[in-house]
Amino acid sequence: MTGSPPDSSPSPLSEWREGIAELAPAMIAAMPLALLYGAIAASKGLSPFAVALSSGLVFAGGAQLAAIEMWTSPVPVAAIVLSTLLINARYVLMAASLAPKVAHMPLWARLLGFHVLADENWALAERRAAMRRLTLPYFLRAGAVFWLNWVAFSWAGAILGPIIGDPRRFGADFAFTAIFIGLVASFVTTRRHIAVVVASAAAATLTHWTLGSPWHVLAGAFAGMGMAVLVWVPAPEAAP
């Protein structure tokens, strides 16, 4: 009598390790940005604890840097709220695209997973979902390590800022962007994909030149969505 075949599904530990391994380049690239945020925030009067708390609660590098660089006395609340809202608007689209792919997870896991969502782990999750089922260890636990990395180096930046200086002078601020460009490029497999990426990039670049930040984020998102609608082709119905 033949026994049942062994379970070939990956273990939670292997999924977690794989997620961390794939996120490792992004975590390394995030370190100088987190240090920069911590250093600037400390120079504006925030304590290391307040810096770490803000990174933990907000976890949005671009929005945090924009807000802290605008931080003056008195605080321009309306300008900061508008800027961070525009910069973070993309997370609504990112979460919406992942929602059906994590629908099998408990509600608490989805909520926490979306809190620790960033550009890089979103792209990796989309790529993983295109190949196989997203698991909680890959989506949430690896994202939590990414989140902890950002919080820890923000705190370190608040303490070491005067010593390390501005990491942007080494071009370190472009590392995050370069990794995300590479991840996006891995999605471009058809002419329709190319059209969407080109439209989004062109709109964002033109808007950045004319209106500046953060309007280019919203312009790129809407241009990409518009082009996706224009080039969309419905999948052929399966034969009965």
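A few remarks follow.
- Cβ pairs under 7 Å, 6+ apart, first in the stretch 14-28 and assigned by TED's automatic domain parsing to the domain that holds ARG141, second acidic (Asp, Glu) and buried (at least 16 other Cβ atoms within 10 Å of the Cβ): LEU23/GLU120; ALA26/GLU120
- ALA42 falls short on exactly one of the conditions (1) modelled with pLDDT under 85; (2) surrounded by 15 or more Cβ atoms within 10 Å (Cβ to Cβ), and that condition is (1).
- The condition (being hydrophobic (A, V, I, L, M, F, W, C), at pLDDT 85 or above, surrounded by fewer than 19 Cβ atoms within 10 Å (Cβ to Cβ) and out of contact with any helix residue (DSSP H, G or I) (no Cβ under 9 Å at 6 or more places or on another chain)) is satisfied by just one residue among ALA50, ALA24: ALA24.
- Residue, farthest from TRP122 (Cα to Cα), within the stretch 77-105, restricted to residues that are open to solvent by less than 40 Å² (accessible area, probe 1.4 Å) and not in a helix (DSSP H, G or I): MET105
- Remark: TRP108 falls outside the filter, which requires a residue to be open to solvent by 40 Å² or more (accessible area, probe 1.4 Å), assigned to a loop (DSSP other than H, G, I, E, B) and of a type in the set (Phe, Trp, Tyr).
- For THR72, the conditions (1) open to solvent by 40 Å² or more (accessible area, probe 1.4 Å); (2) part of a helix (DSSP H, G or I) all hold with the exception of (2).
The values are calculated or read from the model by the stated rules, or taken from the named source; none is laboratory data. Bear in mind the structure is a predicted one, so any value in this text is a computation, not a measurement. So basically every Cβ, Gly included, is an ideal-geometry build from the backbone, and we count neighbours across all protein chains shown. With ligands, DNA and RNA removed, areas are computed over all heavy atoms of the protein, side chains included. Shrake-Rupley method; radii C 1.70, N 1.55, O 1.52, S 1.80 Å.
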